[in-house]
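Right, one structure below, let's go through it.
The values are calculated or read from the model by the stated rules, or taken from the named source; none is laboratory data. Note that this is a predicted model, so its numbers are computed, not measured. A quick note on method: Cβ atoms are made from the backbone with ideal geometry, for glycine too, and the neighbour counts reach across all protein chains shown.
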Amino acid sequence: MENLILSEKSPKRSKPQKTGAIGESLLQARLEEYAIVNRVQSDFGDDCICSLTDSTGKITEKMFFGQAKAHKKIDKTKEEYIQTMETSNLSFWLKRKYITFLFIIDKTTEEIYYIDPTEQIRNNLSKIQTKQTLGIRVPLKNSFKKGEALPPDILKSMSSFDEQLFNGEFVKALEYLNTFSEKDWFSNSKKPEILETAESITISYRNVRLSGFFWTPKSNGFGAYQIIFARFQKLSKSSIQLNHKDILRLFYFGRKTSISFEHEKNHRQYIRIPLPDYHEFHIEFGNTTVYLYENELEELNKVIDVFIEKYVERIMKFSQRYNSIGLKPIGHNPTQIKLMTIEKELWEEMLEFKEEHLIENGDYDKGYKFEKFNNILALASQNNFPHQTLFYVEGNYKLGYNNESVVEVIWNAPEFTEYLKYDEFWYSVSETYNFIIEEIIMKIQGAYRIYRKNIFGDDSLTNDRFYISSCNKDKINIENTKSYFKKEDISKEMFEKLTHYRASSYKLDINNIYTGHEFSNLFYELFEFLKARGVLGVDIPNIELFIRTLIKKINIIFLDDKIYAIYSEKEYYQERFEDYKNTLEKLLERFPLQVSDEEKSSTYLELFKEVSDMLGDFGNYIDFVELKSYLPNFSEIISIYNEEKLISLLI
């Protein structure tokens, strides 16, 4: 009875141990056909050390480690077998001076398969740091058959490992494994963690942390933004410092795209060169260069996409508040906007006008009361004391196209000048522009004398009557008939048309389209925009219905024989219309078959060009009332256009 109890407590060899021992013996027997095999008694990630022999049996300098994993039976119907390995062993393999091969053994058939796991290890460095195990793929075509020569892949892998070891390719990987682990991350969350205040933001996501202050009018383009990588921080490498222009130039264009270069015209600007041989990417932030692994770059991209959306949102809110008409900024600074360019003499008369209506003697019944700043137009509020400013406009002297002296009239944001006490109702760009035209320029008698030749020709005029082309109350129509208007009857719109004061706008505005030329120009601008961008990334609702309505409207033109002077002219344009129509119909047929953004964008590009050309030929003859109802469907692409145009002007 006592002997029975003792036997039950004796140690037993488990089935896995037995299978493993059989596998190791099978592997040793197979390898001994090519090498001297030394079995490792203490198994810490390898089962044997092998020194290859030559044809005479002499030991060579070529050595490798072997790890055996035996299985009762391996499914041969699959192309590969996935062997689960402890990540601690895998990281150890990469640190050795000799390559380690993984062998799997089918105990039933005694077949042996092999793999050089080095590439799979390097491609999964982040997982090795965060996971306990990792699956290594072993192709079943890599068969180690008895009696055959040593597979050439074995020798090739040994040479490749030696080459990478000696040329330093493993150095960065070893730095990563030796110095960086999950405990070093800034955040373990599955999505970026955001700490945001009114002035600043910090975003942390795994290996990446971005922190800094949002753009404000007072910052005037300056600011400190910092990106830190956990791996580099531990290696005592400096963080990346960026300013306002760097942020927009590097992060805005290409946002929300992948790390590859499939969108060549709209890729992330900081990704310079993929380095496939090193499993890294060359990342460039101005004068700073870093090399990131793929997982690190994906983490960086997520952080940047969150940040740049919030960052640009601040700029766009400012622009919508003060510059909704989209006049262009001066010097890449949204706090300074060029309102108009005028002759030097007119600007000086405007300053003289200001001197006549200063705070001491200004009359608000007439709308005038100005601050005392030299060479500045600063409109004061009606408060007697302390006086607050409603707008602050300065003149920038320069030479015009014909070397004549001109002045750029520049609007400033309230925060631009620190010494101002400004009213909460600071005039926007459009409000300031309208005030200057209506309340200053149009009421300066001298302005008309200065512009007589430029505006009204060389005809002899009196001080209160002006000779211009025939007009209606909204538009200037160039006709042969001519009319005389009193000065007080000339509207601001007429005055703008005649003097061309206003600076150009970067924005597209669907609410300001009335003519065939304006319709045509809208689609031409969208065509040029999409051609430069490459991929649009949004759908345009009801575009097919818009195209078919446009075709129907133009088709009606040819029912009226009076439009064309001779029949041959009508016949020519009717043929052109049929060409447009057929092309557009073929383009519309593509949409149901297209899935990718690239395909849709290509079709949109061709549609925009055809519509622009067709409206250029026929737009002056059709009624746009119904067509205008479709323009809100283009709001999303126009919003993208306007935002990207503004950001381009700020870079």
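Here are the numbers:
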| item | result |
| --- | --- |
| Some residue of segment 550-564 being basic (Lys, Arg) and in contact (Cβ under 8 Å) with a residue 60 or more places away in the chain | yes |
| Strands (runs of 3 or more DSSP E) contained in segment 321-440 and holding at least 2 residues modelled with pLDDT of 85 or more and more than 30 Å from ILE510 (Cα to Cα) | 376-380, 389-399, 405-412 |
| Of all residues in segment 279-305 being polar (S, T, N, Q) and farther than 21 Å from ILE201 by Cβ, the one that is modelled with the highest pLDDT | ASN295 |
| Restricting segment 612-626 to residues that are in a helix (DSSP H, G or I) and of a type in the set (Phe, Trp, Tyr), the residue that is surrounded by the fewest Cβ atoms within 10 Å (Cβ to Cβ) | TYR621 |
| Test: GLU33 is part of a loop (DSSP other than H, G, I, E, B) and either touching a residue at least 40 places away in the same chain (Cβ under 8 Å) or not assigned by TED's automatic domain parsing to the domain that holds GLU148 (or both) | yes |
| Matching residues, segment 94-126, being closer than 21 Å to GLU280 by Cα and surrounded by fewer than 15 Cβ atoms within 10 Å (Cβ to Cβ) | LYS95, GLU119, ASN123 |
| Condition check for PHE232: part of a helix (DSSP H, G or I), out of contact with any strand residue (DSSP E or B) (no Cβ under 8 Å at 6 or more places or on another chain), within 22 Å of ARG206 (Cα to Cα) and at pLDDT 70 or above | no |
| Residue in segment 555-578 that is under 34 Å from the mean Cα position of the chain (by Cα) and among the charged types (D, E, K, R) present | no |
| Residues of segment 127-162 classified as surrounded by 17 or more Cβ atoms within 10 Å (Cβ to Cβ) and in contact with a helix residue (DSSP H, G or I) (Cβ under 8 Å, 6 or more places away or on another chain), total | 8 |
| Residue list for segment 298-313, filter: touching a residue at least 40 places away in the same chain (Cβ under 8 Å), under 14 Å from ILE647 (Cβ atoms) and surrounded by fewer than 16 Cβ atoms within 10 Å (Cβ to Cβ) | GLU309 |
| Scope segment 330-361; condition farther than 16 Å from ILE436 by Cα and crowded, with 20+ Cβ neighbours inside 10 Å; matching residues | PRO334, THR335 |
| All strands (runs of 3 or more DSSP E) inside segment 71-165 with 3 or more residues being of a type outside the set (Lys, Arg) and farther than 25 Å from GLU296 by Cβ | 80-86, 100-106, 111-115 |
